[in-house]
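Participant: The structure's right below; bear with me while I get my questions together.
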Amino acid sequence: MTSAPTPSTADRIYRSSAGIAGGVVLLALGAWLGFDAVFKGEGRTPWLALAGLLLVVPLVVAFTFRPAVFANEERLRIRNPFRIVTLPWAAVASFRSGFSNEVFDQAGTKYQLWSIPVSLRDRKKAQRNLARAAAAGDPGSSTLLTGGRERPTRSLGDRTMDDLRELQEARAGDPGAQGEPSVRWAYEIFAPAAAGALLLIVLIALG
C-alpha cells in the first residue's frame, strides 16, 4: 500500500494593506455615485452609469484587492492586476529592489511584485536606524532599540524581499521546486471591463 503524498506547506501571503484600504474607499465611492445615477438619473444616465461601473469596478479590484504574492517551499506565485505568474524556485534567478520590487527568471524575464510596494519614506527611516545602530557599535543588527522600542533597520518591503531571497536560496535545489515559469492572463478582469468599455462607447456613439 502506497502512502499518500505529503501536502505542500501553506503559502506565505504578502499583500498591501494600503492598497486594500484604497480599494474599499474607491468601491464605496463608486457604489454611492453609481446608486445615485442608476436610481435617480434620467434619460441615458442610468445606462451610462451602469456601463461606467462595469468598466471601472473590475479595474479597481485588479489594482487594489487582487495583487498578492504567494510563496511556499516549491514555488513563488505572483498575482498581479492582469496576470498570474507561477515560478518554481529553480526558475527564479534573482530579486531586485529599486523603485519597485521585481523578480527575474532564468531567461531574464522581469516580473513586478505589485503587492510588495516600495516606500522610499520607510526605507529612509530604516537607513537612519541602521546608521544609529552602526554608531552604537552594532552595524549588523536588524533592529535598533531606542526608547524601549525596537525599530527596524530594513524597510518592510526590503525585509519581505529578504524573506523571498532566503526561501529561494534554500529551496531552489529541491525536486519539488523544479519546472518552468507559467503565465495565465486574468480574463475574469478583462471580460467585464471590456464589456463595460464597449457598452460605454455604443451609448456615447448613439448620442
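Participant: Looking at I84, I13, can you tell me which residue is open to solvent by 50 Å² or more (accessible area, probe 1.4 Å), under 20 Å from L167 (Cβ atoms) and either in contact with a Pro (Cβ under 7 Å, 6 or more places away or on another chain) or not in a loop (DSSP other than H, G, I, E, B) (or both)?
Facilitator: Details: I84 fails: open to solvent by 50 Å² or more (accessible area, probe 1.4 Å).
Result of the check over I84, I13: I13.
Participant: Next question. Inspect all residues belonging to region 101-111 and state whether any of them is modelled with pLDDT of 95 or more and touching a Lys or Arg at 6+ places or on another chain (Cβ under 7 Å). Steps first, answer last, please.
Facilitator: Within region 101-111, the subset modelled with pLDDT of 95 or more is 102-111.
Keeping just the survivors that are touching a Lys or Arg at 6+ places or on another chain (Cβ under 7 Å) gives 102, 104.
Yes: region 101-111 contains one or more residues that are modelled with pLDDT of 95 or more and touching a Lys or Arg at 6+ places or on another chain (Cβ under 7 Å).
Participant: Scanning region 62-77 for residues that are hydrophobic (A, V, I, L, M, F, W, C) and surrounded by fewer than 19 Cβ atoms within 10 Å (Cβ to Cβ), which turns out nearest to A90 (Cα to Cα)? Walk me through it before giving the result.
Facilitator: Initial filter on region 62-77 (hydrophobic (A, V, I, L, M, F, W, C)): 62-63, 65, 68-71, 76.
Next, only the ones that are surrounded by fewer than 19 Cβ atoms within 10 Å (Cβ to Cβ) stay: 63, 65, 70.
On the way: F63: 28, F65: 29, F70: 16 Å.
In this case the residue turns out to be F70.
Participant: Applying the selection to region 54-81, what residues are of a type outside the set (D, E, K, R) and farther than 17 Å from R15 by Cβ?
Facilitator: Of the residues in region 54-81, the ones of a type outside the set (D, E, K, R) are 54-65, 67-72, 76, 78, 80-81.
Within region 54-81, L54, L55, V56, V57, P58, L59 meet the criteria.
Participant: Shifting gears a bit: Between D174, D158, D163, which is open to solvent by less than 40 Å² (accessible area, probe 1.4 Å) and at pLDDT 80 or above?
Facilitator: Of the residues listed, the single one that is open to solvent by less than 40 Å² (accessible area, probe 1.4 Å) and at pLDDT 80 or above is D158.
Participant: Also, I was wondering about something else. For region 85-118, which positions are touching a Gly at 6+ places or on another chain (Cβ under 8 Å) and farther than 21 Å from G19 by Cβ?
Facilitator: The answer is P88, A90, A91, A93.
Participant: Residues being free of Cβ contacts under 8 Å to residues at least 40 places away in the same chain and closer than 16 Å to L29 by Cβ: count how many of those fall in region 45-76.
Facilitator: Residues meeting the conditions: 2.
Participant: Go through region 87-117 and give me each residue that's farther than 19 Å from W185 by Cβ and either basic (K, R) or assigned to a strand (DSSP E or B) (or both).
Facilitator: Matches in region 87-117: P88, V92, A93, S94, F95, R96, S97, N101, E102, F104.
Participant: Do we have any residue at all in region 29-50 that's open to solvent by less than 70 Å² (accessible area, probe 1.4 Å) and at pLDDT 95 or above?
Facilitator: Within region 29-50, none of the residues are open to solvent by less than 70 Å² (accessible area, probe 1.4 Å) and at pLDDT 95 or above.
The values are calculated or read from the model by the stated rules, or taken from the named source; none is laboratory data. Just so we're clear, the structure is a prediction, and the values are computed from it rather than from any experiment. Cβ sites come from the backbone with ideal geometry, for glycine too, and all protein chains shown count toward neighbours. In case anyone asks, the SASA skips ligands and DNA or RNA and just uses the protein heavy atoms, side chains included. Shrake-Rupley method; radii C 1.70, N 1.55, O 1.52, S 1.80 Å.
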